[in-house]
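Okay, structure first, notes after.
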């Protein structure tokens, strides 16, 4: 039986189907930046809830731990920087941020940047992710202060702008630095 000619409609349709399938697969694997940004935002919402809940739990736990209260009082006295309850709030906030940033790294490695990370957790990427989170925190704080004290916007508007600023910084650093595709040549 002779092979179909290149002009054969069946061969042409099959070739187009394979081409479309390959294009869709490439699109899915490389996911458009907007899909990644949406996934990053959803992971952020989940981790914000985790951050909030762990903060409340840690604050409550620290308030009922005599050793922790003694430590917070000692730190506050030694540094002459704040009241023991302020140190307690800072400790609870650092605890919750650490848990949330770790969860964020795991979820973003597994979902948002799964292609780039190969769904592998790596200590060096985790440390860079934490550093990116700190840079995002600085951007958030700077935007908040600028919007509230320089632009004189209401605090709730200033905080919304700060969240947007930190989202842009955190996503950009995650996309272009932490989870960038490495050239394996």
#### Entry: Criterion (within 30 Å of residue 163 (Cβ to Cβ), surrounded by 12 or more Cβ atoms within 10 Å (Cβ to Cβ) and at pLDDT below 80) met by exactly one of 30, 44
30
### Query
When you go through (1) under 30 Å from residue 168 (Cα atoms); (2) modelled with pLDDT of 90 or more; (3) not assigned by TED's automatic domain parsing to the domain that holds residue 172 one by one for residue 128, which number turns out not to apply?
(3)
### Query
Which members of segment 68-105 meet the condition of being modelled with pLDDT of 85 or more, surrounded by fewer than 16 Cβ atoms within 10 Å (Cβ to Cβ) and farther than 16 Å from residue 137 by Cβ?
70, 73, 74, 77, 78
### Message
If I ask for residues that are outside any helix (DSSP H, G or I) and surrounded by fewer than 16 Cβ atoms within 10 Å (Cβ to Cβ), which ones from segment 146-163 would you list?
### Response
151, 152, 154
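Every residue, every condition in (1) touching a helix residue (DSSP H, G or I) at 6+ places or on another chain (Cβ under 9 Å); (2) free of Cβ contacts under 8 Å to residues at least 60 places away in the same chain; (3) assigned to a helix (DSSP H, G or I), yes or no:
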position	(1), (2), (3)
108	yes, no, yes
115	yes, no, yes
126	yes, yes, yes
139	yes, yes, yes
144	yes, yes, yes
165	yes, yes, yes
171	yes, no, yes
175	yes, no, yes
180	yes, no, no
### Query
residue 99 passes all but one of (1) closer than 21 Å to residue 46 by Cα; (2) free of Cβ contacts under 8 Å to residues at least 40 places away in the same chain; (3) not in a loop (DSSP other than H, G, I, E, B); which number fails?
(2)
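Out of contact with any strand residue (DSSP E or B) (no Cβ under 7 Å at 6 or more places or on another chain) and at pLDDT 90 or above: does that describe residue 54?
Values: out of contact with any strand residue (DSSP E or B) (no Cβ under 7 Å at 6 or more places or on another chain): yes; at pLDDT 90 or above: yes.
In short, yes.
The values are calculated or read from the model by the stated rules, or taken from the named source; none is laboratory data. These numbers were taken from a predicted model, which means no experiment stands behind them. Note that each Cβ is placed from the backbone with ideal geometry, even for glycine, and that neighbours are counted across all protein chains shown.
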